Every structure is written in structure tokens, then in C-alpha cells.
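What follows is one structure encoded as C-alpha cells, with my remarks underneath.
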Amino acid sequence: IGIAVGVAVVGAAVAAVVVLDIGQDSPSEERTQLERTALRALELSESSYLPQDVVRWARSLRDGDTFTEEDQAARSAIEDTAPEVLTANTQNNAAAIDQAFAGEARKEIHRLRQESLTAFAAPTTPESRPLSGGVENVRWTGVTVTGDRAEMSGTVTCWSTMATKNPETGTWTVLRPANGCSVRLVLEKADNGSWQVSEYQSDIIPGKGP
């Protein structure tokens, strides 16, 4: 899921600009907090409508892997990602979204989560399941902090995992498409001192997509 939303910063006080050296071996506490929040936001953008226990189970699956429902974890994952189950559970990851995002970005992620649920449930395809999604190969190329506002830019690999069932054999085969993406995030510090993403843009890098 790629989105570009934002909220205006009004009446911001003039503050010193701190450019964090992303190449340092010992990152500052501020940078660590920013990267943790940004990574969580990126992961949620790829799998916000899926049960996180299924996401964790499927994270190690690779393109072309196969499995059967004789395995308890696989059977649970298939049951938990049935279209009727996903659409009924509209609270998937709502708290995590509220923690990682703010303002219009939060509203947009919730909207896209519901849109994904609706789209998945529309064609009733019991032989197909979304299982996981996330980001890897994250590299931040710029991190700038100005008071309670930070901007981050970088490149990531956005991936998703799904599986299709062979009705004759009962075997599920994994598909794991991936895209190279450039990302830009704006984060703002909340009253409790935590960082939240208020603007988020992700674009497929030419030649790195399907």
C-alpha cells in the first residue's frame, strides 16, 4: 500500500535544525526512536489488515514454498485469513495504527485498511489467502530533526506474501512479490514525547517493480 498524505504544521516555533549522521555506528537515542516508529509505520502500511500472529508465522516463507494444513500453524493462518473472518474483524491492528500515525495520515491508513478488507472479500476466493507483508533492506539516506518535527527519506523493499491452494492436492503454494521503493516520512512529537508519522509517501523505484 502506498500513500501520500499530510497535515500542515501551523505556528511552529523557530528551532535549531539537527541533521543526524545516518552512518554512525552508535546511533543517538533520538534517531533510534525515530527509526523504530518509521519502521513500524512502514510495516503497518503493508499489512495493517492482517492478524499479526499470521504475519509473524508467514514472514519466513519464500516464493515457491509449499505447505499443507496438516501443520497446525498453517491451518490456523488459513482459518484466520478467510475473507469472512478478516472482514468481521475490523479492529485488526487499530491500536498499533493509532500509536504509529497521527492526524490525516492515521485516518488514511485506517481507510486503506478497510479498503483492503473490502477488496479481498469481494471476489470470494477460498483458494487464495493474503498472509503477510512488510519491508526489508531499509536504508535511511537522510534524517533531519527540527524541534518536534523530523523528516526521513530512504529506500526499502516492500514485500507481501500470499498463498494459493491446489484443490486437487490440498497443497498451498507461496507467492512473494516485492518492489523497491523510495520513501519519505514526516514525524511529529506527541505530547507524551513519542514520535508519530504525520506524512508518508512511498513510490516504486523505476525498474524495481513488477
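The values are calculated or read from the model by the stated rules, or taken from the named source; none is laboratory data. All figures in this text were calculated on a predicted structure; none of them were measured in a lab. Positions of Cβ are backbone-derived with ideal geometry, glycine not excepted, and every protein chain shown enters the neighbour counts. These area figures cover heavy atoms from the full protein model, side chains too; ligands, DNA and RNA do not enter into them. Shrake-Rupley method; radii C 1.70, N 1.55, O 1.52, S 1.80 Å.
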- Message: Please list 3J(HN,Hα) in residue order for the range 146-156, calculated via the Karplus relation 6.51 cos²θ - 1.76 cosθ + 1.60 where θ = phi - 60°; whole Hz, with x for glycine and proline.
- Response: 10, x, 9, 10, 9, 10, 10, 9, x, 10, 8
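Using only the C-alpha atoms of the range 60-208, find the volume of their convex hull and express it per residue in Å³.
Numbers: hull volume 20.7 nm³, N = 149.
Per residue, the Cα convex hull of the range 60-208 comes to 139 Å³.
How many percent of the alpha carbon pairs in the range 22-91 exceed a separation of 17 Å?
Values: 1428 of 2415 pairs.
More than 17 Å apart: 59 percent of the Cα pairs in the range 22-91.
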- Query: If you project the alpha carbons of the range 88-143 onto their three principal axes, what span does each projection cover, largest first, in Å?
  - Reply: 44, 28, 15
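Averaged per residue, what accessible surface does the range 96-210 expose to a 1.4 Å probe, in Å²?
Working: 5450 Å² over 115 residues.
Accessible surface, normalised per residue, equals 47 Å².
Can you pull the Kirkwood radius for the range 150-210, inverse mean 1/r over Cα pairs, to one decimal in Å?
Working: mean 1/r = 0.0695 Å⁻¹.
By the Kirkwood definition, the hydrodynamic radius is 14.4 Å.
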- Message: List residues of the range 55-75, by number, whose backbone nitrogen lies under 11 Å from a label position 7 Å along Cα→C-beta of residue 173.
- Response: 64-66
- Using a probe of 1.4 angstrom, how much of the accessible area of the range 72-157 is carbon and sulfur, in percent? 49
- Note on the structure: Among GluC sites (Glu not before Pro) in the range 112-163, those in a DSSP loop whose Cβ has at most 14 other Cβ atoms within 10 Å are 127
